[in-house]
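The values are calculated or read from the model by the stated rules, or taken from the named source; none is laboratory data. Here the structure is a predicted model, which is why all the values come from computation and not from measurement. For neighbour counting, all protein chains shown are included, and Cβ atoms are generated from backbone atoms with ideal geometry for every residue, glycine included.
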Amino acid sequence: MTLAEQIDHDLKEAMKARDAARLGTLRMVKSAFKYAAIEKSGADAVVDDEIATAVLRKQIKQREDAAAGFEQGGRPEQAEKEKAEIVVLSAYLPAALSAEELAVIVKEAIAETGATGKAQMGAVMKVAQVKAGGRADGKSLSAEVQKHLA
C-alpha cells in the first residue's frame, strides 16, 4: 500500500470515528498531495511515495514554523493544535536515520563525489539526499556534510 493509499484509508477511518482533528489534518495532506501531483505532471498524475514523503516533510515544517509563531504571539492553544497535527503527520514518515547511519551516508557521498572542501557541498548534498531516501531532513543532512567537509 502506497503512502497516499494509506492516508486515504486513514481518512475514511477518521470519518467513521468522527475524529475531527485527525480528519482535518489528513484532508489538508490529501490536498497537498493533489497540488504536488498537478505541479509535477498534470491533473491525472499519481503521487508516489517519494513525492508523498517530501510533501509530508514540507507540511511538518510549515506546522513547526506556525507553532513557533503562535507561541511567540502568545497563542498557546493554536500552537498546541499545530503540534497535534505534527504528531499525526509524523506517523506517516519513514523512520529517521540514526546519527551513525547519517554519517556513513555522508562519507559515502563525499567519496563518490570526490569532494575536498565546502565548495563541493552542493554536489555532496545531492548524492547524500538520494542515498538517505527521504529518511533525513535537509537541516541535519547539511550539518553532517558541513562537519565532514570542514
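Does the range 23-42 contain any residue that is touching a Ser or Thr at 6+ places or on another chain (Cβ under 8 Å), under 28 Å from G133 (Cβ atoms) and of a type in the set (V, I, T)? Working first, answer last.
So in the range 23-42, the residues touching a Ser or Thr at 6+ places or on another chain (Cβ under 8 Å) come out as none.
Checked the range 23-42: no residue is touching a Ser or Thr at 6+ places or on another chain (Cβ under 8 Å), under 28 Å from G133 (Cβ atoms) and of a type in the set (V, I, T).
If you check Y35 against the conditions, is it closer than 14 Å to A4 by Cβ, under 22 Å from the mean Cα position of the chain (by Cα) and without any contact (Cβ under 8 Å) to a residue 40 or more places away in the chain? So Y35 passes the test.
Output the residue which, of all residues in the range 133-150 that are of a type in the set (A, V, I, L, M, F, W, C), under 14 Å from V104 (Cβ atoms) and modelled with pLDDT of 85 or more, is surrounded by the most Cβ atoms within 10 Å (Cβ to Cβ).
That would be V145.
Scanning the range 56-69 for residues that are surrounded by 13 or more Cβ atoms within 10 Å (Cβ to Cβ) and either farther than 25 Å from K131 by Cα or in contact with a Leu (Cβ under 9 Å, 6 or more places away or on another chain) (or both) yields L56, R57, Q59, I60, R63, E64, A66, A67, G69.
Screening Q72 against (1) free of Cβ contacts under 8 Å to residues at least 60 places away in the same chain; (2) surrounded by 12 or more Cβ atoms within 10 Å (Cβ to Cβ) leaves a single unmet condition, (2).
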